[in-house]
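Colleague: Could you have a look at this structure, given as structure tokens, before my questions?
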């Protein structure tokens, strides 16, 4: 099977973001399929640093990567993001494709505009395309207030419906996303749920105190948030938690915030205003070092803003925590909360009340056997339900079924 994999923000383990597309492309390649990735270069600086042309081709672990120059940063405002989306859309449409070279196109959002070159190239080469939904666009940005009623929203809703109708198969990253797709009148047989996954072998490392020693954490209880510092993460919640811990004299706790994003400066200022010394901003970590980072953690937290639309999320950091065998705390309802409570792999805390997280930290930081039990359950959950080497079989089947239609 010859696959054209379109993802605007394709990233590898050298990158400081999620690597779902890379991991699946690599596993498909290992299963004997030929994979070409069409992407922007914003997450591939280690590969494209010296790229002069608008587009260039690279060999990456046997995967052919066609990288288009397309600058994008987490701190970009709405209009700069839209411009980056449109530039990639137009350049991707010029990609040379024919039926002899490829059997199927697999396009993964966000943004939703990635579907336009997928549909165009599918029509041009007369081959099917499969569409992956990582967030419900435009519904999620609309409900979060990033999009307003008007022509743009109406146009995106029409595009969304068209994409779902024309795609041979649709991959959703969570049950909630699948439900949102079905509500558009799409048949159940067309939709498959393949959540974000656990790269188990990546997290099979020897325990090390190197980072704990570097950051002065050898005698501390460490809570890690390993992800973007963006608006939707609602990380003021963790700063308020840190302030409550300080005020209660819980000086044995440290909160690590990893990554970068549009809220980082504001969060650092809030810590300074509160005179907090129990929050550490680590900066970006490439995916290959996330296991080392999580080895410093006693527990992790997956924080988001308090909004129902975010309950259907499928964040990489959640699955990394499970793979690392760490107690996983979430502050949103939905499928992750239900699964953690069902399996005993973690704890839910109320998003409106940082004091609830303080209570959980106080319990866990004085209950080593409980931390060990939750961590063991987390790893078991990763192995049983989210092993990427098993989930790639579902993706392979969906792609093959789309070709046979």
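Colleague: Look through segment 1-34, keep the residues that are buried (at least 22 other Cβ atoms within 10 Å of the Cβ) and under 16 Å from residue 403 (Cα atoms), and return whichever of them is nearest to the chain's Cα centre (by Cα).
Modeller: 5
Colleague: Now for a separate question. Inside segment 330-370, can you point out the residues that are surrounded by 17 or more Cβ atoms within 10 Å (Cβ to Cβ) and in a loop (DSSP other than H, G, I, E, B)?
Modeller: The answer is 331, 332, 334, 345, 349, 351, 365.
Colleague: Within segment 181-192, is there a residue that is assigned to a loop (DSSP other than H, G, I, E, B), over 23 Å from the mean Cα position of the chain (by Cα), over 25 Å from residue 231 (Cβ atoms) and in contact (Cβ under 8 Å) with a residue 60 or more places away in the chain?
Modeller: Just the residues of segment 181-192 that are assigned to a loop (DSSP other than H, G, I, E, B), to begin with: 183-187.
Right, trim to over 23 Å from the mean Cα position of the chain (by Cα) and you get 183-187.
Filter once more, so that each one left must be over 25 Å from residue 231 (Cβ atoms): 183-187.
With in contact (Cβ under 8 Å) with a residue 60 or more places away in the chain added as a condition, the list becomes none.
The answer is no; no qualifying residue exists.
Colleague: Of the residues 391, 322, which single one is outside any loop (DSSP other than H, G, I, E, B), closer than 30 Å to residue 100 by Cα and in contact (Cβ under 8 Å) with a residue 24 or more places away in the chain?
Modeller: Testing whether each residue is outside any loop (DSSP other than H, G, I, E, B), closer than 30 Å to residue 100 by Cα and in contact (Cβ under 8 Å) with a residue 24 or more places away in the chain leaves just 391.
Colleague: Run down 293, 276 and say which single residue is in a loop (DSSP other than H, G, I, E, B), touching a helix residue (DSSP H, G or I) at 6+ places or on another chain (Cβ under 8 Å) and closer than 20 Å to residue 212 by Cβ. Please lay out each step first, then the result.
Modeller: On the way: 293 fails: in a loop (DSSP other than H, G, I, E, B).
That would be 276, the only listed residue that is in a loop (DSSP other than H, G, I, E, B), touching a helix residue (DSSP H, G or I) at 6+ places or on another chain (Cβ under 8 Å) and closer than 20 Å to residue 212 by Cβ.
Colleague: Only one of (1) at pLDDT 95 or above; (2) touching a strand residue (DSSP E or B) at 6+ places or on another chain (Cβ under 6 Å); (3) under 30 Å from residue 26 (Cα atoms) fails for residue 403. Which number is that?
Modeller: (1)
Colleague: Please verify whether segment 204-217 includes one or more residues that are surrounded by 18 or more Cβ atoms within 10 Å (Cβ to Cβ) and in contact with a helix residue (DSSP H, G or I) (Cβ under 6 Å, 6 or more places away or on another chain).
Modeller: No, because not a single residue in segment 204-217 is surrounded by 18 or more Cβ atoms within 10 Å (Cβ to Cβ) and in contact with a helix residue (DSSP H, G or I) (Cβ under 6 Å, 6 or more places away or on another chain).
Colleague: Wholly within segment 99-174, which strands (runs of 3 or more DSSP E) include no fewer than the required count, namely at least 3 residues that are outside the structural domain of residue 7 (by TED's automatic domain parsing) and either closer than 26 Å to residue 394 by Cα or in contact with a helix residue (DSSP H, G or I) (Cβ under 8 Å, 6 or more places away or on another chain) (or both)?
Modeller: By residue number, no strands (runs of 3 or more DSSP E) qualify.
Colleague: Going through segment 72-91 one residue at a time, which ones are at pLDDT 75 or above and not in a helix (DSSP H, G or I)?
Modeller: The answer is none; no residue qualifies.
The values are calculated or read from the model by the stated rules, or taken from the named source; none is laboratory data. Remember, it's a predicted structure, so these values are computed and weren't measured experimentally. Cβ atoms come from the backbone with ideal geometry, glycine included; neighbour counts cover every protein chain shown.
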